[in-house]
Amino acid sequence: MTRPLGKDLIGLESLTPEQILLMLDTAEPFKEVSERSIKKVPALRGKTIVNLFFEPSTRTRISFEFAEKRLSADTVNVASTGSSVSKGETLVDTARNLEAMRIDMVVVRHSMSGAAQFLGERIRSNVVNAGDGKHEHPTQALLDLLTLRDRFGRLEGLKVAICGDVLHSRVARSNIWGLLKLGAQVGVCGPPTLLPRGIETLGVTVLPRIEDAIEWADALNVLRLQLERMQSGFVPSLREYNRVFGVTSERLDRAPRDLVILHPGPMNRGVEIDSDVADGPHSVILPQVTNGVAVRMAVLYLLAGGAPDWAAPPAGEDSR
Amino acid sequence: MPPPQRTLILDAEAIAKTLAEMADRIVEVAGRESDLLLVGIQRRGVELANRLATLVEARTGQAVARGKLDITLYRDDLQAIGPRPIVGETMLPPTLDGRMVVIVDDVLYTGRTIRAALDEFADFGRPRRVLLAVLVDRGGRELPIQPDIVGFHTTAAPGDLVNVSVVELDGVDSAELVPGATP
């Protein structure tokens, strides 16, 4: 029998392939719920979920909120601005105060890597990581995996190139873990300043030029250039980045096969991806967004069934 | 502990005969309805509904719509049980408004599955009439729900399991009584 997920979903690194597949397979029936005229099932009726977003987010927050509402949970959104966080309250104090109002789950996004695990170890509610710093963004990777599986019918043996700002990307990290665990091959492509040193030790292929990625891959996951996380000097200019690393239709026309194009959004059109590619026939950017709701419904549904006693010991040497 | 004794209550031949009789009953009650929809409850009800639909089509010469329903997300014990059960596929027409629907399941026991199915139907519209057809009614109802069409009646104690196998999933058609199989 597949081991249940445990109390929290922090990242894909600590999960088994079976646990990742359980989430993907559970997402399948949830796709249909969003196609109904009454888009709601009573599975989480009476559960209270707090969306604690310390970083701006449109897609992920709304996607989680739809997932929660379509499962009949009651939801509250807390943003860092307009809450006591702006008065200097700590993450744990905010969460403990919310728990004192008897909540069941927290979906957290935070700019610090490790924030979700830190929180999960200190509160009884289930914690879902909606992106922590440069660490992981597990539900984004799950929806990428689901979209790839929809398109190719399999993940095993698939060649996926993750292109662009890998250094600052939690999406890249979660994707690498998820893809490798499910038997896909992973390539990374970007300017050396935006690839973490030693990334090949994870078992990924480094593709120095975007042309190499296009020739090698079955699918490209094009990352957003995270201008807000960059100090300076990572790329000479946006125009030059587009000229050297941009995914353009001219480049894709020379590909040996039709590539499937993913992008986690929000896109910098004309920087990492050109508009005619983003809106083109091989783009699955909008199906990714549709799948995001189903994947998040699956994660919430599965976690709500796990009692706190089953919490797996946190991974890593520095955990207590 | 010795393995529990199994008693065969229906073999393949008996199941074929029982389904034929159930199809006759469906034709009697609803055969003339052009909007007849047979909805199987995941998982084995789906296979039985498919077979019944084919049998009804052979009798009336009219196509019969098929649907499948997974009631997991509507279970009344979802908050109490441990690890979450696997959710199966639901496939129904966009609306059930005004339709003649027959719910098909393999075994009728407490009636809670059917309660959940009726709740789920309400989210898909308002059927004109809903009938319940089951292969085996084992008694032991916990809710005021009764079947309209029953293939086979038996009385099983609360700890007993009535296990229906179908060729499509299990390689064999059978219904067995396994005493003391559930705690």
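The values are calculated or read from the model by the stated rules, or taken from the named source; none is laboratory data. On a predicted model such as this, the values are computed, not experimentally measured, just so you know. Don't worry about glycine lacking a Cβ; one is built from the backbone with ideal geometry, like all the others, and counts go over all protein chains shown.
Miscellaneous remarks
- Looking across region A:48-74, the residues that are in contact (Cβ under 8 Å) with a residue 40 or more places away in the chain and assigned to a helix (DSSP H, G or I) come down to A:Arg59, A:Thr60, A:Arg61, A:Ser63, A:Phe64, A:Phe66, A:Ala67, A:Glu68, A:Arg70.
- Annotation: of all residues in region A:1-31 being outside any helix (DSSP H, G or I) and within 13 Å of A:Leu303 (Cβ to Cβ), the one that is nearest to the other protein chains (Cβ to nearest Cβ) is A:Pro4.
- Residue tally, condition small (Gly, Ala, Ser), surrounded by 24 or more Cβ atoms within 10 Å (Cβ to Cβ) and touching a strand residue (DSSP E or B) at 6+ places or on another chain (Cβ under 9 Å), over region A:126-152: 2
- Selected residue (only one of B:Thr113, B:Thr95 is in contact (Cβ under 8 Å) with a residue 24 or more places away in the chain, over 29 Å from B:Thr155 (Cα atoms) and hydroxyl-bearing (Ser, Thr, Tyr)): B:Thr95
- Tally of residues being within 7 Å of another protein chain (Cβ to nearest Cβ), buried (at least 18 other Cβ atoms within 10 Å of the Cβ) and assigned to a loop (DSSP other than H, G, I, E, B) across region B:74-113: 4
- Note on region B:33-73: residues that are part of a strand (DSSP E or B), closer than 20 Å to B:Asp137 by Cα and small (Gly, Ala, Ser) amount to 1.
- Some residue of region A:168-184 being over 30 Å from A:Ser14 (Cβ atoms) and of a type outside the set (Val, Ile, Thr): no
- Taking the criterion of being surrounded by fewer than 24 Cβ atoms within 10 Å (Cβ to Cβ) and either in a strand (DSSP E or B) or touching a His at 6+ places or on another chain (Cβ under 6 Å) (or both), the residues of region A:171-198 that qualify are A:Gln185, A:Val186, A:Gly187.
- Filter result (surrounded by fewer than 19 Cβ atoms within 10 Å (Cβ to Cβ), among the aliphatic types (A, V, I, L, M) and within 14 Å of chain B (Cβ to nearest Cβ)) within region A:38-62: A:Ile38
- Candidates B:Thr72, B:Thr95, B:Thr110, B:Thr154, filtered to the one that is in contact with a Pro (Cβ under 7 Å, 6 or more places away or on another chain), farther than 15 Å from B:Ala49 by Cβ and of a type in the set (Val, Ile, Thr): B:Thr72
- Selection from region A:219-272 of residues that are part of a helix (DSSP H, G or I) and within 21 Å of the chain's Cα centre (by Cα): A:Leu227, A:Glu228, A:Arg229
- Members of region A:63-113 that are among the small types (Gly, Ala, Ser) and either within 14 Å of chain B (Cβ to nearest Cβ) or loosely packed, with under 14 Cβ neighbours inside 10 Å (or both): A:Ala67, A:Ser72, A:Ala73, A:Gly82, A:Ser84, A:Ser86, A:Gly88, A:Ala100
- Selection from region A:78-114 of residues that are assigned to a helix (DSSP H, G or I), free of Cβ contacts under 8 Å to residues at least 40 places away in the same chain and touching a helix residue (DSSP H, G or I) at 6+ places or on another chain (Cβ under 9 Å): A:Ser84, A:Val85, A:Leu91, A:Val92, A:Asp93, A:Asn97
- Condition check for A:Leu223: in contact with a Ser or Thr (Cβ under 6 Å, 6 or more places away or on another chain), at pLDDT 95 or above and closer than 30 Å to A:Lys7 by Cα: yes
- Members of region B:114-151 found to be exposed (fewer than 15 other Cβ atoms within 10 Å of the Cβ), within 14 Å of chain A (Cβ to nearest Cβ) and part of a loop (DSSP other than H, G, I, E, B), listed by number: B:Arg126
- Residue count for region B:108-131 satisfying the condition of being within 18 Å of B:Asp76 (Cβ to Cβ), within 14 Å of the chain's Cα centre (by Cα) and among the aliphatic types (A, V, I, L, M): 5.
- Selection status of B:Thr18, within 14 Å of chain A (Cβ to nearest Cβ) and either in contact (Cβ under 8 Å) with a residue 24 or more places away in the chain or farther than 17 Å from B:Glu120 by Cβ (or both): no
- For first residues located in region A:248-262 and closer than 14 Å to A:Glu211 by Cβ, partners that are of a type in the set (A, V, I, L, M) and not in a helix (DSSP H, G or I) and lie 6+ apart or on another chain with Cβ distances below 7 Å form the pairs A:Leu252/A:Leu259; A:Leu259/A:Ala217; A:Leu259/A:Ala219; A:Leu259/A:Leu220.
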